[in-house]
Amino acid sequence: MAGFLFDELPAQPKPQPAERCGNCGHIKRHDCFGYVAFYCAITKSGRTENGMLKVKCKTPVCALFENRGNDT
């Protein structure tokens, strides 16, 4: 039973790089006193002052994703 802790784990496949909201062409960046907020120009929200949905750059994309065109 002592050898159980030191057995090798099976190799897990690396996750495929997925598209993220930060690479979408609809994302708008707002700087406010050193705080950077990202908003989706397509998805509407009633909770923000500008009417756009606040998003995080690393969230997976939605069905409305449009590539920005840069290959970085």
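Here, each number is a calculation from the coordinates, and none is a lab measurement. As the structure is a computational prediction, the values presented were derived from the model and not from experiment. Cβ placement follows ideal geometry from the backbone for every residue including glycine, while neighbour counts extend to all protein chains displayed.
Here are the numbers for this structure:
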| quantity | calculated |
| --- | --- |
| Sequence-distant aspartates and glutamates (8 or more away, or on other chains) whose Cα lies within less than 20 Å of residue 58 | 19, 31, 66, 71 |
| Footprinting exposure proxy for 9, 53 (fewest neighbouring C-beta atoms within 10 Å first) | 9, 53 |
| Around residue 39: net Lys/Arg minus Asp/Glu count, Cβ-Cβ under 9 Å | +3 |
